[in-house]
Amino acid sequence: RAAGLRRGRRGTRQRAAADGWEALTPSERRVAGLAAEGLSNPQIAERLVISRHTVATHISHALAKLGLRSRFELAAARRPS
């Protein structure tokens with residue numbers, strides 16, 4: 001601290017299941033839902049007021065957690081509301 005550095009939080013993070021719909025963060029769920037509806041990354045970014053890069057990151061994380069390869073598979077596997 002004397003050098004101006006801060007220590008991180010202590011303890012373990014509380015994380016959901018390693019994969020599946022329960023593993024998605026709220027942001028990933030929102031982005032995945034819009035992608036499953038057929039919106040493009042720029043459209044999702046504009047609607048949620050986030051960058052296109054952030055949208056791409058959320059989609060890639062969601063696909064990995066769900067064990068899917070494409071947005072088409074995401075739309076087909078969309079969790080019932």
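The values are calculated or read from the model by the stated rules, or taken from the named source; none is laboratory data. All values derive from a computational prediction rather than experimental measurement. No Cβ is skipped: glycine too gets one built from the backbone with ideal geometry, and neighbour counts run over all protein chains shown. Note: accessible area is taken over every heavy atom of the protein model, side chains too, but ligands, DNA and RNA are not part of it. Shrake-Rupley method; radii C 1.70, N 1.55, O 1.52, S 1.80 Å.
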Among the residues of the stretch 24-56, the number that are assigned to a helix (DSSP H, G or I), open to solvent by 60 Å² or more (accessible area, probe 1.4 Å) and either in contact with a helix residue (DSSP H, G or I) (Cβ under 6 Å, 6 or more places away or on another chain) or among the acidic types (Asp, Glu) (or both) is 2
Contact list please: Cβ distance under 6 Å, first residue in the stretch 38-56 and free of Cβ contacts under 8 Å to residues at least 24 places away in the same chain and under 24 Å from ALA76 (Cβ atoms), second residue charged (D, E, K, R) and open to solvent by 50 Å² or more (accessible area, probe 1.4 Å), pairs at least six apart or on different chains. ASN41/ARG52; PRO42/ARG52; ALA45/ARG52
Within the stretch 57-74, count every residue that is part of a helix (DSSP H, G or I) and surrounded by 15 or more Cβ atoms within 10 Å (Cβ to Cβ). 10
